[in-house]
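Asks: Have a look at the structure that comes next, please.
The values are calculated or read from the model by the stated rules, or taken from the named source; none is laboratory data. Remember, predicted model here, so these are calculated numbers, not experimental data. A quick note on method: Cβ atoms are made from the backbone with ideal geometry, for glycine too, and the neighbour counts reach across all protein chains shown. These area figures cover heavy atoms from the full protein model, side chains too; ligands, DNA and RNA do not enter into them. Shrake-Rupley method; radii C 1.70, N 1.55, O 1.52, S 1.80 Å.
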Amino acid sequence: MPHLAHIDFHAPSAEVGPLLIGVTLLVDGVGGRIVEAEAYDREDPASHSFSGPTPRNASMFGEPGRAYVYRSYGIHWCLNLVCREAGHGAGVLIRALEPTHGLDVMRARRGVDDPRLLCSGPGRVGQALGIDRGFDSKRLDRPPFELVAREGEPDIAIGPRIGISKALDVPWRFGMAGSRFLSKPFPRR
């Protein structure tokens, strides 16, 4: 089961992250192409799993190929895809999508028309896809989720993660180079 869209979710999150770029993520048929993601691991002080399992992060320690959903700043629901073996505590945060499916649904959920603002940031992704705590721990290979393999090899930008206060220099943010749907541009090489 943890092989979805030609990706082995048993692999470390820093390996899964770049493989997700270009994959289409749908929730009840709504979503788009993943253009930005960030990897987190139990050994990483910026990760929710760093201090061990809690009721909030329990699914991050669960089986690979499942969703880990958490609330950020008490406002936004954020979607992560669990990696590594059960008990390890690793995942990839979906930071941005290029909207391709269900744009009218996303516009209604987000209250904006500009497609660049629908899914450019993890909170926006969660709102546009209708994500909430009820999706936590759900399998990614079953409805409401669908992951469609990418076509071709995208040019992937790599840089430090955003919005964290620890491990600031770890280059575990991955994105589709040149995408206008990123949450924030990558530094020029």
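Asks: Quick one: length gained pulling Asp8 to Tyr73 fully straight, 0.36 nm per residue minus the C-alpha distance? Mind dumping the intermediate values first?
Replies: Numbers: separation 65, 0.36 × 65 = 23.40 nm, distance 3.09 nm.
Length difference between fully extended and current span is 20.3 nm.
Asks: So if I average 1/r over every pair of distinct C-alpha atoms in the stretch 1-107 and take the inverse, what Kirkwood radius in Å does that give? If you can, show how the numbers build up before the last one.
Replies: Working: mean 1/r = 0.0715 Å⁻¹.
By the Kirkwood definition, the hydrodynamic radius is 14.0 Å.
Asks: For Glu151 and Asp104, calculate 0.36 nm times their separation in residues minus their Cα-Cα distance, and state this gained length in nm to one decimal.
Replies: 14.4 nm
Asks: What distance in nm separates the two pseudo spin-label positions at Lys166 and Asp113, each 7 Å out from Cα along the beta-carbon direction?
Replies: The modelled label-to-label distance comes out at 4.5 nm.
Asks: Please give the net charge around Asp44, taking every other residue with its beta carbon less than 10 angstrom from that of Asp44, where Lys and Arg add +1 and Asp and Glu add -1. All intermediate terms of the calculation are to be shown ahead of the outcome.
Replies: Numbers: positive: Arg42, Arg161, Lys166; negative: Asp41, Glu43.
Combined, the nearby Lys, Arg, Asp and Glu give +1.
Asks: I want to verify a result. In a Gaussian network model of the chain, Cα cutoff 10 Å, which of these has the top mean-square fluctuation: Glu98, Glu146, Glu38?
Replies: Comparing Glu98, Glu146, Glu38 in a Gaussian network model of the chain, the most mobile one is Glu146.
Asks: Taking 4 °C and 1.567 mPa s as the conditions, I'd like the Stokes-Einstein D for the stretch 61-189 in µm²/s, using the Kirkwood hydrodynamic radius from alpha carbon pairs.
Replies: Values: Rh = 15.7 Å.
Estimated diffusion coefficient is 83 µm²/s.
Asks: May I pose another question? Taking only protein heavy atoms and a 1.4 Å probe, what accessible area per residue, in Å², does the chain have with all protein chains in place?
Replies: Values: 8680 Å² over 189 residues.
Each residue of the chain exposes 46 Å² on average to a 1.4 Å probe.
Asks: Here is a follow-up. Take the solvent-accessible surface of the protein heavy atoms, probe 1.4 Å, and return the percent of it on the chain that carbon and sulfur atoms account for.
Replies: Details: 4420 of 8680 Å².
Heavy-atom surface of the chain belonging to carbon and sulfur, 1.4 Å probe: 51 percent.
Asks: Can you compute the charge dipole magnitude of the chain about its Cα centre, using +1 on each Lys and Arg Cβ and -1 on each Asp and Glu Cβ, nothing else charged? Give it in debye, rounded to the nearest 20. Walk me through the numbers before you get to the answer.
Replies: Working: 24 positive and 22 negative charges, 119 e Å.
It works out to roughly 580 debye.
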